[in-house]
Structure formats: C-alpha cells, structure tokens
Amino acid sequence: MGFKLLPDGPAAEPPAAEPPAAEPPAPLIVGLQPAALIDHVARVDKSLLDRVAGEPGGSIPVAIEELERILREVKTHSLSSPNDLSPVKSMAGGSVANTIRGLSAGFRVSCGIVGAYGDDDQGKSFVSNMKFHGVNLSGMRLKEGPTGQCVCLVDACGNRTMRPCLSNAVKLQAEELTGAHFRGSKWLVIRYAMFNLQVIEAAISIAKQEGLLVSLDLASFEMVRNYILPLLKLLQSGNIDLCFANEDEAAELLRGEENAGPEAALEFLGQYCKWAVVTLSSNGCIAKHGNETVRVPALGEVKAADATGAGDLFASGFLYGLVKGLSLEDCCKAGSCSGGSVIRALGGEVTPENWKWMYKQMQIKGLTLPDIRN
C-alpha cells in the first residue's frame with residue numbers, strides 16, 4: 001500500500017490553547033455565619049411562651065431536646081390560619097444569612113457567605129435557598145454532622161421569641177479561615193455571639209488585613225447583657241466600622257449608667273465606629289456618622305405580621321445605601337423600607353410581592369432603586 005505525500009509547506013500550527021477561565025469577581029459584601037441555620041417559624045398563643053425558659057422577645061440557646069419539645073407543642077398552641085398546610089414554616093435563617101440574602105435578592109448587591117453546613121436535609125435546604133437567591137457559596141464548607149436549627153415563636157402582636165440550637169451543629173473553625181475568604185470584597189458582615197467569638201475575632205483580623213470594612217450586629221439583649229466585656233473589647237479595638245443595635249440592646253449596652261437612653265448608646269457606639277445605628281421599632285431609627293446625627297421615622301402604614309428579620313433586613317437596606325454612596329439619612333430610609341418589607345409576612349425571607357412593595361416605598365422617598373431588570 002502506498003503513502004500519499006503531502007505538499008511542502010509550513011508545518012501546521014498546533015491548536016491555540018484555551019485561555020484560562022477568568023476567576024469570578026469577589027462578592028462586594030461577604031457575611032460570616034459559622035454555623036448554617038434553619039429557622040422554624042410559627043405563630044403561637046402567649047401560653048406557649050410562658051412554657052419556654054427565658055424572657056419573651058429574646059434569643060437564648062437551647063438543647064436539641066428542648067427545641068424538639070417546643071416544636072411538638074407548637075401544634076397545640078398554633079395561631080396559623082386553616083389555609084396553612086403546616087403550622088411551622090421552615091427556611092434558611094440566621095441574622096447574617098437574612099441580611100446577605102436580602103442584599104442579594106432584593107438589592108442586587110453581589111454577596112457571599114462564609115460558614116459550614118451539615119450533611120443533612122437542613123444543610124441541603126440552607127444551601128439550596130441561598131443559591132436560589134444568588135448568594136456566592138464558595139466560602140461554605142460541607143461537614144459531617146447536623147445543621148443548626150432555631151425555633152422562632154411569633155405572638156399575636158408580631159413579636160418574635162427565638163430559641164436557637166447550635167450546641168451540636170457543625171460550624172466553621174477559626175483556623176479554617178484564610179485571606180481568600182475575604183480578598184477583593186469591601187464589607188464583612190458579622191453578628192455578635194460569644195460561642196463564635198474565636199472565629200469572629202479571626203475573621204475580623206483577616207478581613208482587616210485584606211482592607212475590608214466590618215459591620216457588627218449586637219444580636220440580642222441577652223447576648224449584650226451576659227457577655228458585655230468581650231463586646232466592649234471588640235468595639236474598643238477600633239476594627240468595627242458599622243454597628244447596629246436595637247433599643248433593647250442599646251439599653252443593655254449602658255445598663256447601670258445614669259443616662260442609658262438610645263441617644264446615649266448611639267453616642268457611645270459613635271466613639272468607636274464610623275457609623276452607628278440604633279433602631280427604635282415603630283419610632284424609626286437614629287444614626288450617627290462622624291459629627292452628623294439623623295433621626296428617621298418608621299414607615300407609618302406597615303402592620304407587623306412578624307418582626308423576625310426586621311433588624312437583619314434593615315441592615316440590608318442600610319448597607320445598600322452605603323455601597324451606593326447615599327447620605328446617612330437616605331441609608332436609614334432604605335433600611336426602613338427593607339425592614340418594613342420583611343415584617344409583612346412570616347419569617348426572615350422577603351416574599352416577591354413584598355420586594356415590589358419595598359421598591360414602591362423607595363420610589364416614593366426618592367431613593368436610588370436597585371437594578372432589578374434581571
């Protein structure tokens with residue numbers, strides 16, 4: 001068999017190598033939630049709150065046995081309507097997750113979350129929910145074990161009492177954090193928690209090395225009351241750029257002082273933070289940045305179905321305002337709009353119809369609207 005000779009000519013060029021895939025840009029805002037959490041939200045009568053240890057309206061940790069007992073008792077103390085398929089509504093939760101999801105879903109700000117989730121149905125549900133709302137999950141680590149849970153009891157007035165169970169939940173450890181978790185981002189969002197203090201301090205240290213601003217939520221009045229000294233140390237470090245407190249947390253911050261009102265707490269926080277905010281429920285909020293102090297009223301026409309997530313979503317709107325370069329007053333107005341949107345329905349996740357309601361409120365107030373075309 002003969003061979004066919006090829007004509008003389010230049011050697012054929014090898015196919016060009018594919019250019020390496022570009023790294024996706026880092027999220028603008030990244031939240032630290034060491035343990036993923038599933039919220040179980042239920043409307044209940046007051047008699048159940050009398051059977052739960054701790055003060056109504058707060059958030060204290062419970063063991064898994066206590067969480068399961070409360071969930072069993074919800075069935076006989078439920079205020080849910082006959083149309084509800086279940087008296088309990090479960091969703092991805094946790095303060096930081098609520099804020100980050102709100103920023104991503106409602107404000108179209110690129111966000112990520114750093115933490116760990118378990119290899120159970122709750123872990124899958126958390127990841128699925130955050131992914132659906134466009135949150136970058138590259139900082140989430142899958143671990144063997146259970147995912148954290150929290151029961152959120154909502155009374156007839158819309159006030160919520162939270163009992164989280166994190167004692168046996170998987171969580172991210174301080175030594176697992178690296179600069180890659182924060183590199184290229186602008187803000188780190190954290191929530192004060194004594195049982196996460198080591199990982200919080202590690203995250204702040206690394207984030208500061210990477211040039212991030214840090215936002216801190218004071219979590220609950222019990223957390224401030226019971227662990228005030230580590231909190232003060234955190235504030236006095238100068239590493240907290242923005243601090244959010246509600247009026248109960250603000251009162252605990254200055255407990256025992258002659259003047260312990262919200263305004264005094266705002267001044268106190270303003271000594272250590274570039275921005276300080278105290279939310280005042282139906283009385284709106286007060287905020288401070290440098291020498292500027294503003295007071296912004298609440299949205300008058302909002303009836304609270306459930307206060308769960310109100311502070312978390314307020315933080316979403318305020319941070320949106322900061323990254324958009326809005327004035328301090330307009331940051332507060334954006335926070336009021338987003339905080340008002342979440343309390344119109346059960347749970348810490350804003351429904352699509354309530355996002356539309358929020359955009360309308362923002363428009364009325366002349367605020368810069370998010371790019372919601374896609």
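Throughout, read-outs are computed from the coordinates displayed, never taken from laboratory work. None of these values were measured; they are calculated from a predicted model. Because the Cβ atoms are built from the backbone with ideal geometry, glycine has one as well, and the counts that use them run over all protein chains shown.
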Starting with the highest mean, order 146-158, 218-230, 312-324 by the number of other Cβ atoms within 10 Å, averaged over the residues of each peptide. 312-324, 146-158, 218-230
Which ³J(HN,Hα) values in Hz, rounded to whole numbers, follow from the phi angles of segment 225-230 under the Karplus curve 6.51 cos²θ - 1.76 cosθ + 1.60, where θ = phi - 60° and Gly and Pro get x? 4, 7, 9, 5, 5, x
Taking placed amide H atoms and a strict 5 Å upper bound, the residues 5 or more places from residue 191 or on another chain that come that close are 217
Cα-based Rg and Dmax for segment 29-364, where Dmax is the largest Cα-Cα distance (Å): 18.5, 54
Computed ³J(HN,Hα) along segment 330-339: with the Karplus parameters 6.51/-1.76/1.60, θ = phi - 60°, integer Hz and x for glycine or proline, the list is 5, 4, 5, 5, 4, x, 5, 5, 6, x
Normalised convex hull volume, segment 144-195, alpha-carbon set, Å³ per residue: 136 Å³
Using modelled backbone amide H atoms (1.01 Å from N, in-plane), which distant-in-sequence or interchain residues come within less than 5 Å of residue 112's amide H? 29, 30, 31, 136
Rounded to whole Hz, the Karplus (6.51, -1.76, 1.60) HN-Hα couplings of segment 63-71, x for glycine and proline: 6, 4, 5, 5, 4, 5, 5, 4, 4
Connecting every pair of Cα atoms under 10 Å apart in the chain and solving the GNM, the largest mean-square fluctuation among 205, 104, 341 falls on 205
As a quick test, which of the pairs 171/274; 171/356; 233/288; 303/365 have an alpha carbon distance above 26 angstrom in this structure? 171/274; 171/356
Picking from 62, 269, 91, whose Cα lies most toward the positive end of the charge dipole for segment 29-364 (charges on Cβ: Lys, Arg +1; Asp, Glu -1)? 91
Compare 364, 200, 286 in a GNM of the chain, Cα atoms joined below 10 Å, and give the one with the largest fluctuation. 364
Calculate I(q)/I(0) for segment 170-315 by the Debye formula, one identical point scatterer on each C-alpha and no solvent, and give its log10 at q = 0.19, 0.20 Å⁻¹ to two decimals. -1.18, -1.27
Once the mean of 1/r over all distinct C-alpha pairs in segment 74-187 is inverted, the Kirkwood radius in Å reads 15.9 Å
Taking amide H positions as placed 1.01 Å from N in the peptide plane, with prolines and chain starts having none, which residues 5 or more places from residue 344, or on another chain, fall under 5 Å of its amide H? 305
Averaging sequence separations of C-alpha pairs under 8 Å and six or more residues apart, then dividing by the length of the chain, give the relative contact order as a whole percent. 16 percent
Taking only Cα atoms and a 10 Å spring cutoff, compute GNM fluctuations for the chain and point out the largest among 334, 298, 260. 260
Let me know the charge dipole size of the chain about its Cα centre in debye, to the nearest 20, where only the beta-carbon of Lys, Arg (+1) and Asp, Glu (-1) is charged. 660 debye
Cα-based helix-to-principal-axis angle, 310-323 vs the chain, degrees rounded to 10: 50 degrees
